[in-house]
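A short worksheet on the structure shown next.
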Amino acid sequence: MKRWLPIFLSILVLAASVAVRAETDAEVRARKDALDVAGAFSNDGFKIRDGHWCGVLKPHEHALVAVNLYAGNQYWFSTASAEPAKIAVSVYDESGKQVTTESYNNGEKAAAGFSPANSGQYLVSVDLVEGDGGSFCLVYSYK
Amino acid sequence: MIRLAKLCALALAAIVFVATGATDTGRLPADQLAKAVRSDSISIPTPGELFAALGKSEKTNWSGQYRGPMPVTYRNRAQIALNLGGLIADGFIAVQAKDSQQVKNIGSDIIKLAKALGVSEHLLSRGKSINEFADNNEWDTLQEELEATQNEVKSSMQSHADQDLVILVTLGGWIRGTQVVTAAIMQNYDERSAKVLRQPALVRFMQSKINEVSPELRQEPLVKDVSEQLNGIEKAVSFPAGKTPAVDDVRKVNEAVTKVMTEIESKELPK
């Protein structure tokens, strides 16, 4: 029995570590704020995609999220930080070249909008411009 | 009212910043590109996004893209998951066609298939909402509801330790969506519409997710077959950036996805 106990515990720990990670309160807060930003674009006919990405921003680092977009659509990528900070959003094409975007920056909330000329993969970068970092959330809308 | 005022203020602020906020151009190094986060919840577009891009550039005959009633008595769980994704894409087509009865029929089939996977408990209320929105012709809300339904199916699968089936739902939806879009473009070809077909990274990502499922599931004949055919589909949608797919290119993609869709729908599984 003693021999089986460590094996059983290892399996239990492994199972717990691969289980789906629940969002923290800070991430939930950041998501709500990101949705508030995206909500403003809804007035202009943009539909908010029912999907999001939450992560942690550290000083001098950026978070890079891959998205696949369609030529013909217009997009807004909206993000918010849970902690006081200044953040910015930028978009790169699949070769890593930055694309020109319209942008909105308001401290811990930011957004970037553009209409891709080509369908395919793009990278959305969330940058910590000022602050100590913390949780952030990214959502996007399209029309 | 206060919320509306806040939103208006935010929109106004956005317009002000839009006028002044064009970013400088720069370039990301290749190692950073490779490290970008990729996730089902944000990196894979919904059928609704694909149809939105198509809907702008031509007068699409959405109801002409309907297919006959699907059997909801599949026994193989992988096949049910793939068909569930396809059925959700059918729901988006019915929304585009603004066909309330078709939306209700598909909503009911989605619940039946989800029940076969044991994920229907939370979905029953979604089914009721879909019917209500369809009766009231609330098409934008219906589209949101379908997206939410798809995500609820997936999160329910995750909580039931059916994580591996999630990518099959996504894949089934993408295959059915691409079948419909290619068929519509072939009927009424124009260059702007054809541009939506370029998605090599998306297919590569879905293939990589299938490679991560359990060896048992990966060895199931249908999953193995679909996975093998994805390699060909990836080539078919790998147009150089800036190149518009010609009618023949569109036909090739349509033939490739229709072949996979036929196998997914078939009651006889590949051996």
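Read the figures in this text as sums done on the coordinates, not as results from a lab. What you are looking at is a predicted structure, and each value in this text was computed from that prediction instead of being measured. With ideal geometry, Cβ positions are generated from the backbone for all residues, glycine too; neighbour counts draw on all protein chains shown.
About its Cα centre, the dipole of the range A:24-142 is roughly 220 debye, where the only charges are +1 on Lys and Arg Cβ and -1 on Asp and Glu Cβ.
Summed over all non-identical Cα pairs, the Kirkwood treatment of the range B:41-145 gives a radius of 14.3 Å.
At 15 angstrom or more along the helix axis (alpha-carbon based) and mean Kyte-Doolittle of 1.6 or higher, what helices does chain B contain? Whole DSSP H runs only. Membrane-span-like by this criterion, though nothing is claimed about a membrane: B:2-20. Please say if the protein assembly as shown is rounded, prolate or oblate, where rounded means a/c under 1.5 for a ≥ b ≥ c the square roots of the C-alpha gyration tensor eigenvalues, and otherwise the choice is prolate for a/b larger than b/c and oblate otherwise? Since a/c stays below 1.5, the shape of the protein assembly as shown is classed as rounded. Taking a ≥ b ≥ c as the square roots of the eigenvalues of the alpha-carbon gyration tensor, the range B:48-265 is classed oblate because a/c is 1.5 or more while a/b is no larger than b/c. Dipole of the range B:48-265 computed with +1 at Lys/Arg Cβ and -1 at Asp/Glu Cβ about the Cα centre; of B:I110, B:S155, B:P245, farthest Cα towards the positive end is B:P245. The three principal axes of the C-alpha atoms in the range A:24-142 carry coordinate ranges of 37, 31, 22 Å, sorted with the longest axis first. Taking amide H atoms as placed 1.01 Å from N in the peptide plane, the amide H of A:S135 lies under 5 Å from those of A:L57, A:A82, A:E83, each 5 or more residues away in sequence or on another chain.
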